[in-house]
Every structure is written in C-alpha cells, then in structure tokens.
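The values are calculated or read from the model by the stated rules, or taken from the named source; none is laboratory data. The model shown is predicted, which means the values in this text are computed figures rather than measured ones. Here Cβ is always computed from backbone atoms with ideal geometry, including for glycine, and neighbour counts include all displayed protein chains. The accessibility values were calculated without ligands, DNA or RNA, using every heavy atom of the protein model including side chains. Shrake-Rupley method; radii C 1.70, N 1.55, O 1.52, S 1.80 Å.
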Amino acid sequence: MKNMDIKDIIKPENLVYDKSELQIDTIMHYCPGCSHGVVHKLIAEIIEELGIQEDTIGVSPVGCAVFAYNYIDIDWQQAAHGRAPAVATGIARTNPDKIVFTYQGDGDLASIGAGEILHACNRGENIVVIFINNAIYGMTGGQMAPTTLIGQPTSTSPLGRDVALNGYPMKMTEIIATLPGTCYVTRQSVHTAATVRKCKKAIKKAFQNVMAKKGTSFVEVVSTCNSGWKMTPVGANTWMEENMFAEYVPGDLKDNDIQKPAIGN
Amino acid sequence: MGELRLMKGNEVLAEAAIRCGCDAYFGYPITPQSEVMETLMEQRPWDTTGMVVLQAESEVASINMVYGAAAAGKKAMTSSSSPGISLMAEGISYIAGAELPCLIVNVQRGGPGLGTIQPSQADYFQAVKGGGHGDYRLITLAPASVQEMHDFVKLAFDLAFKYRNPAMILTDGALGQMMEKVELADYTPRRTKEEILDQCGSWATTGKTSGREKHVITSLEMDSHKMEQNNLRFQEKFKEIEATEVRYEAIRCEDAELILVAFGTSSRICQKAIELAREKGIKVGLIRPITLYPFPSAIIAELAPKVKGFLSVEMSAGQMVEDVKLAVYEARCTTPVKHFGRMGGILPSPNEVVDALETKF
Ligand SMILES: Cc1ncc(C[n+]2csc(CCOP(=O)(O)OP(=O)(O)O)c2C)c(N)n1
Ligand code: SF4
Ligand SMILES: [Mg+2]
C-alpha cells in the first residue's frame, strides 16, 4: 500500500459509488447536513435511471430549494412562493407528454401555498410533488411553519410553538391522502442509508406513476434543517427521529392503481 | 370578408382566442367577465383546436398556470376583473421578470375594494404603471369596440411574443357586456411542436435535449450587479416598445381648439360629446390612445402648442390625465390639462363632457 497513488485507487473496478450524470458540479449552497441535497441526488438518479431527462420539467419553490435548478441538469421553472402546483398545472396541461414535478418546502406548500396544492391534488394533476417538511422556514432564518411541532422553539416562537397562539402542526400529507385525485401519497425520510434507499423507491414510483398518467403522486420527506433548528447534523437527525416521527409517521398513506379519466375527446 | 356575428365583448374575447391559435386559458369567475370562460367551456376548444381551458381555484392560481404554460412557449391567457387582477399582481411581476409572453385581460369594474360590478377605468395606474412590484411594464391595449376586443387578442399575443413581455387588454364591463357586430378572423391553427421550438426553442422549457444547455425560467438573480444588468436590458426593451408600438386614433383634431383624451368606453362617449360641442361652436377633437402603454405622448406633444387645452375624460378620479400632463410638460408647453370623470361604475354622459369643456376652459 505504501506508494500507492490516488490513480491506483480510482479505477473502474474499485468504484463503489458514482454520482448521476444529471448532478451538476457546482458550489453547493445548502448547509452541510441538510436533507435537501440528499433528495436532489435521488431525483437526479431517478430521472437518469428512467431515461426521462429530455421530458422532465422541474418547478422549484421559494425556500432554500429555490436554487434546485442549479443542481439537476434538466429544464426548470422557478415558481412564486407556494404557487409551484399551479405553475406545474400550467406546464402539465399544455404539455401532457412532459413529466412535471414540483419540489416544495413546508412553508411553501403547507402555509402560503396550501390552496394551490390542495386543488392541484384534487384535480389529480399528472405531476409529482416532493414535499420537504423540515418543520421550519429554513431560508428566511428559522421562523415557525404550520408544521412546527408543539413546543418547538423557532425565531417567531422563541418559547416554543404555543397551541393557544398558533394552533397545531398541520399534517398536509394526511389531508392530501383524502383527495381522490392523488394516486400515491407517502411519507419518507433520508436520515439513514436504509431510509435513503426506501425514499428513492418511493420517489421513483411517483415518477413512474406520472409516466403512466395516473394523477398526482405526493412524497413527503420528513427532513432536517440543522441550521434552523440550531443543532449539529447528527443532533438534528436524532431530534427528528425522536420528535418529528411521532407527529409525522413515516410510511405509505395511499397507493392506488386507479387511472384518472383523460381530458376531452 | 370574415364571418359576421352579433356578439358580446366577453364572448368575442373567447372566440378570438380560439381563432388566433391560443394554447391555453386559465381563469376564475368574476363579474363582469365570466362569459369569457363560459363561452370557452361551451365551445370546448380542446376537442377542436386542442386549446386547454381550465377553471382555476383562484386568480392567484390562474396567473401562475399562465406562467407555467408561457414558460413552455405556449400562447397562454387569463381574464378577470379588477379585484382578481389585484390578486394576480405577484404573478404578473414574475412573468415580466422572467420575460415571458402572455395575455391578461382586465374587464374593469368600479373599486376600490369589492366596489361594484359596473364598468370603470380606475385600474389605469395598475395596468400602465406597474400593479406588481419592480420595474416592469405591461404592453397595454385599450379596445373601444367589440371588434377591437376581437382584434386585440391576436395583436396582444403578437406583441407579447415579439418582446417576450406580458400584454394586457384593459377594457371594462360596458364593452364586455355590450353586443355589437363583429367580423371574426379565420381560424389560425395552433403552432405545432416544431413551430414552437422554432419560435421559442432558445429559451422555453421544452425539455433539455442533449444538444443544448438546460433552460431555467426564473426572475431570481442574487448578484445585484447582474440584477441591475437584467433591469437595464428590460429598460432597453421598454424603450424599443415606446419607440415602435404606439397606437392611437385622432378624431377631428385638424381644426380643434380643445382636445379630449379618452380611451375605451369613455372615448365613445367623447365622440358624441364632440358632435354636441361642435353644434355649439366649440371646436373639439379627440385623441384616443389605443396603446395605453406605450402612451401616445408624441401626438399630444405635437398638439400642445396648437390648442387651448386638453380634457382627459376617464371613468376614474383622474389617472391617465397624469400622462397627458407629462406629455405636455415634455413638450415644454403650458397648455392647460384638465380632467373630467365619473367613478364607482357611473358612465359620464356626453352632455356632462360638454359642460366640463365649457366650465373648465
Ligand atoms: C410572497 C412571499 N412571501 C414571503 C417570502 C419570503 N420567504 C422566502 S422563503 C420563505 C420560507 C420558506 O420556507 P420553506 O417553504 O419551509 O422552505 P425551506 O427553506 O425550509 O426549505 C419565505 C417566507 C417570499 N419570497 N415571497
Ligand atoms: S437553512 Fe435549513 S433547509 Fe436551508 S439549507 Fe440550511 S439546513 Fe437546509
Ligand atoms: Mg421548511
């Protein structure tokens, strides 16, 4: 091993991990430890594996993932805060041959955009929705979200979320599972190797559903925002397991095989 | 000669959209323009031309659906009335910031607030000065007849695509509800995929093929220096629009001593007022801006040294009058510029306009 050069190690036969060709080499703006980057990687891999790079249009939100378009090599559109499902509707309806997905945070999807997501799902828009629930507004500096847990401190609930003042954590995924327009509704996480693998399967299924024109597929990823939570990445993972999963229970909420009726004709 | 029909202004907007090869309409019901979507739903253009028609859950959703479709190079439109247009403000600003073409129709009603369902022109400022945030402009067309409601749908799309900028038809409840004879255009087929690629392939989200870089439709730029460059580019575009696209009609201005300036419904009232005034020996003419942005400042500047005054007649407390004043000021003239208007859904009568001419000058 003594005089081994790096070139001796980087050989195809030694390769145990390779990143997707659709992942763009660029400076990463996400905080180390953030869940966003892992989910981006999964989406890039899935688009490549399904061979749909030329047909996929991503819709990025307002939130930390606003720059999702810097990382995956497909066509993108950046939507106003909360409006990604409406933007995706406009793309998908006028381009039924395209695979359209939105990527939204919990402030974006559960607060300001609660209306748009419910109606897009209720109409059964043929889109994938990736919902990154980190129980906080990451981008604006850690304010309370509708998904913030009771007692969880944030910059706008410094003593912890108070039910009397702010009501209860909002379970969008449970609400969305009740809507007949959705065919697949699931809650995942990406904090361990095993959950990353499971989450990838779920997101892949969501994309395959859209390829089969089955209606809306909705994947919540219970996520960490270690910066907003003011924790270490490892501490954030533990806190998520111990606190978030009790409120946001991982698993499939719905998996239908019903085809949505086609429009017109 | 195209097909002749007796139609409502709102119905004609729908018919003209189908006939000019529009790809998509997204809207939300509001009086006095609901007939636009009702007509489309009755016509079912998705079965004929393939045009998409969708009732959205709100005006916020409608404009964002337009934003999505427009990004893919589609000819997309929405229509609403005043309160609904206010809700669209953020979306319109995004569309302008991302430099996308689309058509927004505002069939105005009286405000502020929920106001009234009767016609008004009080959204002039909102249409031509902004409405949403940031330095942008809407190419704004003001039809004065049901025929122009028809013609301006195609014109608005043409201008929107020429400049990659949102265009607005600013009309009102009177023109929307009014029935007139209209000559309909022949059907222009919707553009094929190849034609869209030809026209918009350099920027639209048509899917990243291996031959090109990914396309990102966004109005975001975190680097202030680059954002300023973007703004400078927009301003260049607006200058070009101002230099190229001004449209107006001058009626009986040759011998006029007083000039009425009015658009849309109030310009029709002014035409009657001109007749009445001339019977009384007052030599009155009319400048009818067809494009409210770009505003026909040059003709006003040209007339300013020759006439005794301008009267801006509007169904508002006086908004366009500011642009008339600016044009006169730019011409280094001191010609008086006055306003006469009715508000809250009331139309001025021709006699009231003549009275205003007599008392204000
Ligand atoms: C209309 C509007 N309101 C507010 C904002 C400010 N804003 C930017 S990001 C954000 C919160 C995003 O939080 P979330 O969706 O949870 O995404 P995260 O950053 O946590 O991934 C807010 C409120 C905005 N850009 N636009
Ligand atoms: S602030 Fe939170 S959500 Fe945003 S990048 Fe950092 S860890 Fe991720
Ligand atoms: Mg969040």
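Structural remarks
This table checks each residue for (1) of a type in the set (A, V, I, L, M, F, W, C); (2) at positive phi.
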| position | (1), (2) |
| --- | --- |
| B:GLN177 | no, no |
| B:THR209 | no, no |
| B:THR218 | no, no |
| B:ASN230 | no, no |
| B:ALA243 | yes, no |
| B:ASP255 | no, no |
| B:GLY264 | no, yes |
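- Selection status of B:LYS214, among the basic types (Lys, Arg) and open to solvent by less than 20 Å² (accessible area, probe 1.4 Å): no
- Within the range B:176-213, considering residues that are assigned to a loop (DSSP other than H, G, I, E, B) and of a type in the set (A, V, I, L, M, F, W, C), the one farthest from B:THR116 (Cα to Cα): B:TRP203
- Residue selected from the range A:131-147 under the condition touching a strand residue (DSSP E or B) at 6+ places or on another chain (Cβ under 7 Å) and over 15 Å from A:SER223 (Cβ atoms), by the criterion nearest to ligand 2 (Cβ to nearest atom): A:GLN143
- Selected residue (criterion: nearest to ligand 2 (Cβ to nearest atom)) from residues of the range A:72-109 that are touching a strand residue (DSSP E or B) at 6+ places or on another chain (Cβ under 8 Å) and among the acidic types (Asp, Glu): A:ASP106
- Going through (1) touching an Asp or Glu at 6+ places or on another chain (Cβ under 9 Å); (2) polar (S, T, N, Q); (3) open to solvent by 40 Å² or more (accessible area, probe 1.4 Å) one by one, A:THR186 falls short only on (3).
- Taking residues in the range A:79-102 that are within 7 Å of chain B (Cβ to nearest Cβ) and under 26 Å from B:GLY21 (Cα atoms), and partners anywhere that are open to solvent by 10 Å² or more (accessible area, probe 1.4 Å) and among the basic types (Lys, Arg), the pairs with Cβ atoms closer than 9 Å and at least 6 places apart or on different chains are A:THR89/A:ARG123; A:GLY90/B:LYS74; A:ILE91/A:LYS98; A:ILE91/B:LYS74; A:THR94/B:LYS74; A:ASN95/B:LYS74.
- Filter result (away from ligand 1 (no atom under 12 Å from the Cβ), small (Gly, Ala, Ser) and open to solvent by 10 Å² or more (accessible area, probe 1.4 Å)) within the range A:101-138: A:GLY115
- Listed by position, the helices (runs of 4 or more DSSP H) inside the range B:61-175 whose residues that are within 24 Å of A:PRO61 (Cβ to Cβ) and touching a residue at least 24 places away in the same chain (Cβ under 8 Å) number at least 1 are B:82-87, B:89-97.
- The range A:168-180: number of residues that are of a type outside the set (A, V, I, L, M), open to solvent by 10 Å² or more (accessible area, probe 1.4 Å), within 20 Å of A:ASN209 (Cα to Cα) and touching a residue at least 40 places away in the same chain (Cβ under 8 Å): 2
- All of (1) within 13 Å of ligand 3 (Cβ to nearest atom); (2) away from chain B (no Cβ under 14 Å); (3) touching a helix residue (DSSP H, G or I) at 6+ places or on another chain (Cβ under 6 Å); (4) within 23 Å of B:VAL216 (Cβ to Cβ) hold for A:VAL128 with one exception: (1).
- Filter pass, A:VAL62 being within 12 Å of ligand 3 (Cβ to nearest atom), touching a helix residue (DSSP H, G or I) at 6+ places or on another chain (Cβ under 9 Å) and within 12 Å of chain B (Cβ to nearest Cβ): yes
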